[in-house]
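Peer 1: The structure that follows is given in the form of structure tokens.
The numbers here are math on the coordinates, done by the rules we state, and not lab data. Every value quoted in this text rests on a predicted model; they were computed, and no experiment measured them. Neighbour counts run over all protein chains shown; Cβ positions are idealised from the backbone, glycine included.
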């Protein structure tokens with residue numbers, strides 16, 4: 001009699017133990033996340049109805065050459081066989097590539113190395129990796145009055161040079177019409193300063209740069225520039241030398 005009473009009690013104990021492990025005996029997996037180079041707050045990752053706020057390392061500043069990785073895990077584990085896809089909250093996804101969503105200010109973060117999606121149990125553990133990059137913005141404008149050849153513009157000493165040719169008519173003669181100007185993009189927070197490296201010849205001209213944040217072709221790619229998706233007011237004015 002004692003034995004027959006013990007068997008149901010033992011069965012109930014086993015069921016309780018399995019339930020406490022999650023899912024009636026199914027193995028569970030934590031979703032681990034590593035984020036590199038996050039320098040500003042704002043990144044929120046989401047999957048399976050859970051959100052994970054990723055803040056930059058508190059001991060570093062946004063201007064440090066490198067910052068430590070941030071290692072976190074979603075609060076709840078998922079069961080064997082469940083699918084997951086870790087994306088920035090509110091992002092749109094096309095072929096497992098997220099776009100937009102709750103990104104850090106001044107940065108864009110995307111999954112790298114390991115897929116950010118899968119099925120629990122495919123691998124021994126779930127490790128999702130994201131990397132963040134500082135946003136870059138356009139630096140554009142126009143060249144006016146250019147009729148000579150050989151004009152070369154530069155932005156500082158490390159972003160390369162841009163050669164600009166004059167607009168031509170049907171007979172390939174210079175017209176002096178405005179020529180669109182596109183310099184290399186500039187990361188948020190970086191300074192820029194567009195200058196004339198080589199003045200045009202044939203005919204000889206003198207070109208000067210205006211615009212930018214400081215009015216002379218320079219400035220800092222800041223919040224105002226970010227909101228406008230770049231700086232577009234550069235003007236290079238060329239005058240023929242007498």
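Peer 1: Evaluate the relative contact order of the chain (contact order divided by residue number), counting alpha-carbon pairs under 8 angstrom at least 6 apart; express in whole percent.
Peer 2: Rounded, it is 16 percent for the chain.
Peer 1: Where in region 114-136 does the label zone of residue 222 land, with the point 7 angstrom along Cα→C-beta and an amide N cut-off under 19 Å?
Peer 2: 135-136, by backbone N distance to the label point.
Peer 1: Related question: Taking only the Cα atoms of region 102-242, how large is their convex hull per residue, in Å³?
Peer 2: That works out to 150 Å³ per residue.
Peer 1: Be a star and scan region 165-209 for residues whose amide nitrogen sits under 19 Å from the point 7 Å along the Cα-to-Cβ vector of residue 229.
Peer 2: 180-189
Peer 1: Stretched out fully, how many nm does the piece from residue 170 to residue 73 gain, at 0.36 nm a residue minus the Cα gap?
Peer 2: 28.5 nm
Peer 1: For helix 2-21, what angle does its Cα long axis make with the longest principal axis of the chain, in degrees from 0 to 90 and rounded to 10?
Peer 2: Helix 2-21 sits at roughly 0 degrees to that axis.
Peer 1: A follow-up question, please. Would you work out the relative contact order for region 136-240, in percent, from Cα pairs under 8 angstrom that are 6 or more residues apart?
Peer 2: Across region 136-240, relative contact order equals 37 percent.
Peer 1: Next up: Please arrange 39, 129 by how many other C-beta atoms lie within 10 Å of their C-beta, fewest to most.
Peer 2: So the ranking, lowest neighbour count to highest, is 129, 39.
Peer 1: Which whole-percent values make up P(r) of the chain when all C-alpha to C-alpha distances are grouped in 5 Å steps starting at zero?
Peer 2: Taking every Cα pair in the chain, the percentages come to 1, 6, 11, 11, 10, 9, 8, 7, 7, 7, 6, 4, 3, 2, 2, 1, 1, 1, 1, 1, 0, 0, 0, 0.
Peer 1: Just grab the label-to-label distance for residue 83 and residue 123, each label 7 Å out from Cα along the Cβ direction, in nm (one decimal).
Peer 2: Placing both labels 7 Å along Cα→Cβ, they lie 1.8 nm apart.
Peer 1: Compute the FRET efficiency between residue 199 and residue 60 as 1/(1 + (r/R0)^6), taking r as their Cβ-Cβ distance and R0 = 41 Å, and round to the nearest 0.05.
Peer 2: FRET efficiency, residue 199 to residue 60: 0.40.
Peer 1: Another one. If I build a Gaussian network model for the chain, linking alpha-carbon pairs within less than 10 angstrom, which residue out of 168, 139, 151 has the largest mean-square fluctuation?
Peer 2: Of 168, 139, 151, the Gaussian network model singles out 168 as fluctuating most.
Peer 1: Shifting gears a bit: Set the Förster distance to 22 Å, then compute FRET efficiency between residue 178 and residue 94 from the Cβ-Cβ distance, nearest 0.05.
Peer 2: Given R0 = 22 Å and the Cβ-Cβ separation, E is 0.05.
Peer 1: Shifting gears a bit: Cut-off is 10 Å between beta-carbons; in what order do 96, 106 appear when sorted fewest neighbours first?
Peer 2: Ordered by Cβ neighbours within 10 Å, fewest first: 96, 106.
Peer 1: Please state the relative contact order of region 110-169 as a whole percent: Cα pairs under 8 Å, 6+ residues apart?
Peer 2: 24
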